[in-house]
1. Measuring from centroid to centroid over Cα atoms, what is the spacing of the range 171-215 and the range 26-48 in Å?
2. For the range 1-100, what size does the Cα cloud have along each of its three principal axes, sorted from largest down, in whole Å?
3. Treat every Asp and Glu Cβ in the chain as -1 and every Lys and Arg Cβ as +1, leave all other atoms uncharged, and give the resulting dipole magnitude about the Cα centre to the nearest 20 debye.
4. Want the number for residue 13 to residue 76: 0.36 nm per residue separation, take away the alpha-carbon distance, what's left?
5. Can you pick out the pairs among 29/132; 29/161; 65/85; 132/209; 65/209 whose Cα atoms lie more than 22 Å from each other?
6. Positive end of the dipole of the chain, charges at C-beta (+1 Lys, Arg; -1 Asp, Glu), about the Cα centre: which of 107, 175, 207 has its Cα farthest in that direction?
7. Taking only C-alpha pairs under 8 Å that are 6+ residues apart, what is the relative contact order of the range 1-127 in percent?
8. Between residue 209 and residue 50, what's the calculated FRET efficiency when r is the beta-carbon distance and R0 is 45 Å? Round to 0.05.
Amino acid sequence: MALIFLREIETLNERVLRLSIDVEDRLRKALLAVATRDAALAQTVMDGDTEIDQREVQIEEECLKLLALHQPVASDLRFVIATLKVNNDLERIGDLAVNIADRARLLASGPLPSVGLPIDRMGTLAIAMLRKTFQAFMEHDSRLAAEVVASDDELDDLNRKLIATVVDRLRAGDPAPDVLLLLLGVSRELERVGDHASNIAEDLIYMFKGEIVRHHKSDVVRSVQNPDAPAT
């Protein structure tokens with residue numbers, strides 16, 4: 001029975017990693033569609049949403065089966081519980097990629113904005129956070145997971161700056177308000193991607209160390225900024 005359980009854990013681990021890679025790929029394509037105004041590419045991201053949803057359900061069912069049949073304890077129980085939560089966050093990031101792609105489709109036929117916005121930087125940061133969660137997952141590295149949590153503040157700051165820029169341009173009578181509002185929507189979705197990546201990182205810390213840190217983000221950030229400081 002123990003050997004069967006270990007094999008099922010390994011299979012579950014591989015499925016989550018594959019889902020992570022595919023979700024990142026869809027997010028990357030959605031952002032490329034925004035940058036290149038490629039409506040066809042945006043549509044491919046939107047068309048693939050059902051597959052992500054189905055795989056999320058399959059992983060959830062596998063987790064529930066493991067809990068019911070094997071009744072894992074200690075680190076094995078943490079793995080299954082954290083995987084359930086990570087799986088849900090990955091599905092939500094897939095949904096956000098679809099939302100970004102939908103906005104890219106609408107942007108494809110509109111004029112260029114009259115002012116530069118930090119969408120590219122936000123997209124690069126969001127993808128980097130997501131990829132670092134994969135690395136942390138594969139290497140069982142709580143330090144990398146903590147770095148993801150710390151990175152979320154920068155993404156939040158960029159979103160706030162973009163909001164302020166859009167508001168200023170709208171007040172100034174920008175000739176393409178619809179475009180600005182669509183880009184504002186992309187920014188908001190990227191900020192949410194960062195939130196979900198941070199959630200995944202927090203769940204990984206729980207998986208690896210048994211520590212629940214979601215209500216102690218400031219402590220996690222300090223641990224990254226000052227690794228030699230004593231714990232509080």
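1. Here the answer is 18 Å between Cα centres.
2. 52, 19, 17
3. Magnitude of the dipole: close to 420 debye.
4. Between residue 13 and residue 76, full extension yields 21.5 nm more.
5. Table pairs above 22 Å Cα-Cα are 29/161; 65/209.
6. 175
7. RCO, the range 1-127: 41 percent.
8. 0.80
All of the numbers you see were taken from the coordinates with simple rules; none came from a lab. Everything numeric in this text was worked out from a predicted model, so none of it was measured. Note that each Cβ is placed from the backbone with ideal geometry, even for glycine, and that neighbours are counted across all protein chains shown.
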